[in-house]
1. Of the numbered conditions (1) crowded, with 21+ Cβ neighbours inside 10 Å; (2) under 22 Å from the mean Cα position of the chain (by Cα); (3) farther than 29 Å from G349 by Cβ; (4) among the hydrophobic types (A, V, I, L, M, F, W, C), A74 satisfies every one except a single condition; which is it?
2. Any residue that is within 16 Å of the ligand (Cβ to nearest atom), aliphatic (A, V, I, L, M) and closer than 22 Å to K218 by Cβ - is there at least one of those in the stretch 301-316?
3. Residue check: is T269 at pLDDT 95 or above and either in contact with a helix residue (DSSP H, G or I) (Cβ under 8 Å, 6 or more places away or on another chain) or open to solvent by 10 Å² or more (accessible area, probe 1.4 Å) (or both)?
4. Specify which of the listed residues (P10, P30, P35, P5) is open to solvent by 60 Å² or more (accessible area, probe 1.4 Å) and under 22 Å from the mean Cα position of the chain (by Cα).
5. For the stretch 129-144, how many residues are more than 13 Å from the ligand (Cβ to nearest atom) and within 15 Å of I170 (Cα to Cα)?
6. Hey, among the residues in the stretch 145-157 that are open to solvent by 10 Å² or more (accessible area, probe 1.4 Å) and among the hydrophobic types (A, V, I, L, M, F, W, C), which one's nearest to the ligand (Cβ to nearest atom)?
7. Which pairs do you get when a residue that is more than 27 Å from A144 (Cβ to Cβ), found in the stretch 83-101, comes within reach of a residue that is outside any strand (DSSP E or B) and within 13 Å of the ligand (Cβ to nearest atom), reach meaning Cβ atoms under 7 angstrom, with the pair 6+ apart or on two chains?
8. If I253 meets every condition in (1) hydrophobic (A, V, I, L, M, F, W, C); (2) away from the ligand (no atom under 14 Å from the Cβ); (3) in a helix (DSSP H, G or I) apart from one, which number is that one?
Amino acid sequence: MADAPFYLRPLGFLYGDAAKGALSDGLALPLAGGPIAFTAAELIPGRAGNGERRLVPAKDLAGSRDADIAAVLARLAGLRPPFAGLALDRPLLMGIVNVTPDSFSDGGLYDKTEGAVMHAAALAKAGADIVDIGGESTRPGSDAVQEADERARVIPVLEGLSGFRAAISIDTRKASIARAAAKAGAKIFNDVSALTYDPASLAAVAETGLAVVLMHAKGEPKTMQDDPRYDDVVLEVFDYLAARIAAAESAGIDRARTAADPGIGFGKTLAHNLALLASLSLFHGLGVPLLLGASRKRFIGGVSGGETPQSRDPGSYAAAIAGAAQGVQMFRVHDVAGTRQALAVWHEGVRGGTV
Ligand code: 9MG
């Protein structure tokens with residue numbers, strides 16, 4: 001797939017009544033169908049070009065007769081259908097359940113089936129819309145796990161969650177695990193390799209009807225943090241995700257079943273992670289819902305200290321707010337209750353309106 005000829009990064013966000021007013025006056029466009037509106041966009045020349053970046057008002061974009069601009073705007077502004085049966089009209093929280101002995105945040109605490117099931121139930125009670133069950137750590141430096149070990153960790157947990165009210169997501173890179181998880185009730189295949197690790201994964205998604213999260217990663221977990229380099233991390237991650245969405249479509253996976261994730265911390269330096277965080281709105285141009293996984297990651301410590309994963313919770317809330325402010329629809333988090341509270345207070349603070 002060819003790289004994009006240009007990119008649009010929505011800016012100048014409005015919320016609540018201000019968004020409604022600007023939309024009805026033709027001064028703004030809806031971000032991924034709303035409720036957030038954007039009043040301008042940075043027009044970024046394609047990676048092959050050498051033009052200047054410039055700011056264009058939303059009303060000029062809407063009035064443009066350029067077919068390429070119209071196509072990008074349709075993806076940026078179009079309403080997203082529900083993802084895995086979940087409406088996207090408010091930020092959704094995906095609670096993390098690591099069933100790994102070496103989990104970076106749980107320290108093996110939830111490595112037993114019963115503990116994992118109880119943890120998932122607690123996350124759902126705290127407001128998780130989705131629980132993400134994973135049996136292979138993909139944190140920097142980690143080794144791949146054998147299929148049989150991963151299966152023995154995660155499938156009993158899924159079986160223990162039968163009838164669960166939150167949607168279940170399987171965090172795996174293996175087609176056979178995703179298929180077994182689908183049989184055990186999973187609705188989402190969360191693949192940090194964007195269906196590239198296992199050649200059988202595209203067919204597994206097409207045939208099971210699972211929704212899929214395609215995440216960008218550069219390199220393998222074991223070595224991905226050994227000096228990752230990009231010419232332009234934001235545009236390269238965008239083009240990679242666009243190509244993976246196209247590959248999924250070619251394999252018979254409808255866009256409505258696909259979400260994209262820039263993969264914070266996966267083959268990225270602090271500067272790369274921050275550039276992605278500041279440009280999340282550009283990724284709506286992929287035309288699919290976005291998921292952000294920044295919770296407790298090391299870059300937070302790089303910004304403002306925080307040696308232990310748990311001590312990075314305040315930075316995790318701030319990262320979720322940075323994403324929500326740019327219209328990101330889903331957040332993969334450890335602390336569901338804390339993130340929910342932070343997003344609710346942020347939302348009240350920006351929505352405006354009268355009482
Ligand atoms: C499994 N996993 C760990 N970090 C992640 C992230 O940022 N996004 C997604 N989708 N999965 C992740």
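1. (1)
2. Checked the stretch 301-316: no residue is within 16 Å of the ligand (Cβ to nearest atom), aliphatic (A, V, I, L, M) and closer than 22 Å to K218 by Cβ.
3. Criteria met by T269.
4. P35
5. Counting residues in the stretch 129-144 that are more than 13 Å from the ligand (Cβ to nearest atom) and within 15 Å of I170 (Cα to Cα) gives 1.
6. Once the filter is applied, the top-ranked residue is V145.
7. Matching pairs, first to second residue: F83/P289; L88/P289; L88/Q329; P91/Q329; L92/Q329.
8. (3)
The values are calculated or read from the model by the stated rules, or taken from the named source; none is laboratory data. Predicted model, so just to flag it, every value in this text is computed and none were measured. Please note: Cβ atoms are built from the backbone with ideal geometry, for glycine as well, and neighbour counts cover all protein chains shown. Ligands, DNA and RNA are excluded from the accessible area calculation, which covers all protein heavy atoms including side chains. Shrake-Rupley method; radii C 1.70, N 1.55, O 1.52, S 1.80 Å.
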